[in-house]
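**Q** The structure follows.
The values are calculated or read from the model by the stated rules, or taken from the named source; none is laboratory data. Owing to the predicted nature of the structure, the values given are computational and were not obtained by experimental measurement. Note that each Cβ is placed from the backbone with ideal geometry, even for glycine, and that neighbours are counted across all protein chains shown.
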Amino acid sequence: MNPAFAFPAPWTGPDPLGALACAGALLAALAWDRWVGEPPARWHPVVWMGRALAFGERRMLPSADRRNGWHFMAGAMVWCGLAALVSIAAIVLQALLLRHLPAPAAALALGLALKPMLAWRMLRDEVAAVESALGRSLGEGRARLARLVSREVDALDAVQVRESAIESLAENLNDSVVAPIFWFVLLGLPGAALYRFANTADAMWGYRTVRRGRDWEWAGKWAARADDALSWLPARLTAALLMGAARCGRWRALRAASRRTPSPNGGWPMGAMALALGVRLSKPGAYALNPGGRPAGPADTDRALAHASNAVRACMLLGLAALVSIAWRLAARAVESVA
């Protein structure tokens, strides 16, 4: 497999069948996600990552009474150590599958390993469940939303609950689908696993407040910045996919919307969704995207899910095209070397 697109070449070899196996793995992972869903928690690699992060937090990160510089170094060292373990495990697993299994079997096995790094079905179902709960009562809608977001939900009205669910759909479309596929195409299973670890670490550590007796202003800064770096390109790709799915050409408005959020990445997919729907999406006291848009209604949740589904399909097709192109070039190179 081409070292520019697979990580790393010494473990996989410059084999076009390896690239085709990765293409098959992407299809298998998305099929597994659609028809089966998430594996049980005890077998879920992302759950294992969370437990490892929690263990590192308890044993190695300082409490809230330490200096900021020590907070930062401790958080960075724990993050790097755990990230190395995740990457090495993924490298070894991918190498074993691609080197010792026929391409069809390797594709299925690698797809099974890739699936936990993707969570489109769960995201789609959770967002739809918020709208269903909101249709029954505001209290049920708030309770269901609390499973999806980390913000306080008790003071939100019905429109704000719906806005929050649509925002979460857009932002997590990047985190749970587009970015893992992006890094899988570039670096194979290790790329997808490392991204999922970074995103999980950011979700657990990327705060600016004291939580669980630790000051995350500095302890979580490395995790937050690492996730920002790995999400930079995928977030913009997600926004482009959403805009394309909705046939929305308001690119200048998207650039303006992307600068309204504290995150350097979150404003891109959320702004794209707001513009695609023509609605206002906001977080009370923090930002408002497409502030001139209308309030989000029940039909907008369905439209948002449709746009996101189309974006997922487009992302899958782009990923498959890239991997097949790599296989074609490697095969052509092999033929030329023989000739």
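Yes/no per residue for (1) acidic (Asp, Glu); (2) modelled with pLDDT of 95 or more; (3) surrounded by 18 or more Cβ atoms within 10 Å (Cβ to Cβ); (4) farther than 26 Å from residue 49 by Cβ:
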position: 200; (1), (2), (3), (4): no, yes, yes, no
position: 220; (1), (2), (3), (4): no, no, yes, no
position: 234; (1), (2), (3), (4): no, yes, yes, no
position: 268; (1), (2), (3), (4): no, yes, yes, no
position: 272; (1), (2), (3), (4): no, yes, yes, yes
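**Q** Does residue 139 count as in a helix (DSSP H, G or I), out of contact with any helix residue (DSSP H, G or I) (no Cβ under 8 Å at 6 or more places or on another chain) and either surrounded by fewer than 22 Cβ atoms within 10 Å (Cβ to Cβ) or not hydroxyl-bearing (Ser, Thr, Tyr) (or both)?
**A** yes
**Q** When you go through 330, 323, 277, 305 one by one, which is the residue that is in contact with a Cys (Cβ under 6 Å, 6 or more places away or on another chain) and surrounded by 13 or more Cβ atoms within 10 Å (Cβ to Cβ)?
**A** Going through 330, 323, 277, 305 in turn, the sole match is 323.
**Q** Separate question: Looking at 47, 127, which one is crowded, with 20+ Cβ neighbours inside 10 Å, at pLDDT 95 or above and in a helix (DSSP H, G or I)?
**A** The conditions single out 127.
**Q** Then there is this: Could you check the range 202-228 and list, in sequence order, the residues that are in contact with a Gly (Cβ under 8 Å, 6 or more places away or on another chain) and of a type in the set (Ser, Thr, Tyr)?
**A** Scanning the range 202-228 gives a single hit, 207.
**Q** Taking residue 155 as meeting all but one of (1) under 23 Å from residue 263 (Cβ atoms); (2) free of Cβ contacts under 8 Å to residues at least 60 places away in the same chain, write down the number of the exception.
**A** All conditions are met except number (2).
For (1) more than 30 Å from residue 244 (Cα to Cα); (2) without any contact (Cβ under 8 Å) to a residue 40 or more places away in the chain; (3) among the β-branched types (Val, Ile, Thr), each residue gets a yes or a no:
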| residue | (1), (2), (3) |
| --- | --- |
| 98 | yes, no, no |
| 102 | yes, yes, no |
| 125 | no, yes, no |
| 136 | yes, yes, no |
| 139 | yes, yes, no |
| 143 | yes, yes, no |
| 149 | no, yes, yes |
| 166 | no, no, yes |
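**Q** Let me confirm something: among 244, 266, 213, which residue is touching a residue at least 24 places away in the same chain (Cβ under 8 Å) and more than 22 Å from residue 178 (Cα to Cα)?
**A** Exactly one of 244, 266, 213 is touching a residue at least 24 places away in the same chain (Cβ under 8 Å) and more than 22 Å from residue 178 (Cα to Cα), namely 213.
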